[in-house]
Every structure is written in C-alpha cells, then in structure tokens.
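Everything on this sheet refers to the single structure shown next.
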Amino acid sequence: YRTFRPVYSKPTYDIIYDFHAKKGGIFDQAVDIGTGTGQVAVELADKFKRVHGTDVSTKMLEAAIQKPNIDYQACSAEKLPFEESSIDVITSAQAFHWFKHDDFFKEAKRVLKPNGTIAILGYAFARIKNSPKASSLVEELGTKKLENYWDQGRVLVDNLYRDIPIPFPDTHYFFSPEGCDITNIGNITPQPILEQEMTLENFRHYIKTWSSYANYMKEHSEDPVDDMISNIAQVLNVKNTEEHSITVEWPAVLILTTPL
C-alpha cells in the first residue's frame, strides 16, 4: 500500500511552515490525523521535535514508518488524546472527508496552541499529464465503474473540500494544477502539490490501492484496473507498461487555517 501512494511535494510543506512561522508559531509538536502508514508524519518529523500520528485503523498504524521522534496511536479525529493548548500544527492528508467536521474543529481548537495551524490536504482523481483521453479513462473508472464502491465522503474530496465550511475567518486555500480553483477562492501553488513520474505499471499498482477497488474485487472476478491500463496503453501507444513512464498529476488542495 505504502509503496504506491502519492507523495506531497516539498514546496507544499514549505507553504505550511511559512504560514505557521509568520504567525509566530514554533515547531515543537505536530499531530497528523488519519496518518495511515505515516507518509506525512515522516516528513513532519524532519521539522518538528515530536510528531504524533493518529488513525482509526490499527492495521495501517502497524505498517507505519518508524522514526525516533514519531509515535503512533489509534484514536478518532474528534477525540484526540492530547492536552489543551499543547500542539503547534495539526495536519490531515486525504482523510478530512471522513471526519465529523464540527466535532473535529472543536477538538482541534482545544488541543492547538493559540497561534496553532490546521493544514488540510486532499486530492481528486489522478490525471495523466498531457493526455486528456487517458485521464478520462481514470475518471470513468472512479466515477462510474467503482462509483458505488467508495466509502461515504468521497464526493467531498472530489470537489477538493469546497463544500465543507471552515468555521475560522483566517482560512486560506491553495490549489494545483492551474484550472483547479474553479470558484476563485484561493491561489494556485507555484509548484504542484502532487505530481509524480512513474511507470504505467506502477500507476496500475497505485490505482489498486483505492479502497473502492478492494471493495469491488470482493464481489467480482474481472479486474477493472487491468482493463483500464490496457485501454490507456492503447491510447498512449505503449507496448511495455513496465518501461513506459508517465507524469501523473492530482488536482489537489491545501487549506490552512488558524482556529480563532
């Protein structure tokens, strides 16, 4: 699972750190909520003295990346095991759509220091750069074939969290790539939030990490991802999926807010 999940770019973390530092925030304690296997926690660990990764899934946490200054614990986003005003930054990447939002914001406000930061990241269906036709096959798989196999909340992230009201006035939205800020509520990031070179074969493995794919395969024997990759290979005129590299971009959002 961990091997094939996309990784947020370093400049994205810099946007978070700059926002936090400008308010006089320090880099002592961070919490990554919905940490999964700890991909964001491990990045935060280079910047913060201590990082706490939390998730409702103990199975994910068992596979999480270990570092001396990271600890992991199983808990919900709405009930965090931290003291009042003890945390500098809270992050959540590709998990915010599962939260009970009002309860989460109350709890985040409780545990954050007065000038603390909440950073929320999310991304929609992957696109294959410079190939709208191949990209449409990915979207078709996600929104049609696997539509009924996603857990509830998926539609919120597809719309890059625009439909979730953030209750704090000091809130800033950043989008990438260009064209994603369809409601003009934010800025386009100078560098992509999420873009990766990979072979078409590894793209196949990435799509197979989707929860909807796992749910679908419990009920069916034919593999819709293999079918889609064959179709993409035709569109791109690719003979060998293990050798051919593609650039994958994800429409993505970064929301930064201070609970005042």
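Key figures for this structure:
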| quantity | calculated |
| --- | --- |
| Convex hull per residue volume in Å³, alpha carbons only, for the range 26-82 | 67 |
| Order of LEU236, LEU44 under a 10 Å beta carbon neighbour criterion, fewest first | LEU236, LEU44 |
| Contact order relative to length of the range 121-260, as percent, for alpha carbon pairs under 8 angstrom and 6 or more apart | 43 |
| For the chain, calculated [θ]222 nm from helices alone, where every DSSP H run of n ≥ 4 adds -39500 (n - 2.57) | -8000 deg cm²/dmol |
| Scattering profile of the range 1-144 at q = 0.21 Å⁻¹ [log10 I(q)/I(0), Debye over alpha-carbon scatterers] | -1.32 |
| Estimated Rh, the range 117-260: Kirkwood, alpha-carbon pairs, angstrom | 16.5 |
| Mean separation of Cα contacts under 8 Å, 6 or more apart, over the residue count of the chain: relative contact order % | 23 |
| Burial ordering of VAL235, VAL253, VAL31, fewest other beta-carbon atoms within 10 Å first | VAL235, VAL253, VAL31 |
| Given 11 as the ceiling on other Cβ atoms within 10 Å, longest exposed-site-free region of the chain for trypsin sites (Lys or Arg not before Pro) in DSSP loops | 80-217 |
| The range 167-243: equivalent-ellipsoid semi-axes (sqrt of 5 x gyration tensor eigenvalues, Cα, Å) | 33, 19, 11 |
| Size of electric dipole in the chain: Cβ of Lys, Arg +1 and of Asp, Glu -1, about Cα centre, debye, nearest 20 | 360 |
| Residues with amide H under 5 Å from that of GLU195, placed H, sequence gap 5 or more | SER9 |
| Volume in Å³ per residue [convex hull over Cα atoms, computed for the range 66-152] | 160 |
| Between 0 and 90°, nearest 10: helix 224-235 axis offset from the chain longest Cα axis | 70 |
| Isotropic mean projected area of the C-alpha convex hull, the range 89-140 (nm²) | 5.0 |
| Convex hull of the range 56-103 built on C-alpha atoms - directionally averaged projected area, nm² | 4.2 |
| Rg in Å to one decimal, and Dmax rounded to a whole Å, for the range 125-173 via C-alpha atoms | 14.2, 40 |
| Rounded to whole Å, sorted largest first: equivalent-ellipsoid semi-axes of the chain, Cα gyration tensor | 32, 20, 17 |
| For the range 160-205, the spread of Cα positions along each principal axis, largest first, Å | 44, 21, 17 |
| Gaussian network model of the chain, springs between alpha carbon atoms under 10 Å - residue of GLY122, GLY179, GLY38 with greatest fluctuation | GLY179 |
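A short reminder: the numbers here are calculations on the coordinates, not readings from a lab. For clarity, every value in this text was computed on a predicted model and none was experimentally measured. As a convention, Cβ positions derive from the backbone with ideal geometry for all residues, glycine included, and neighbour counts pool all protein chains shown.
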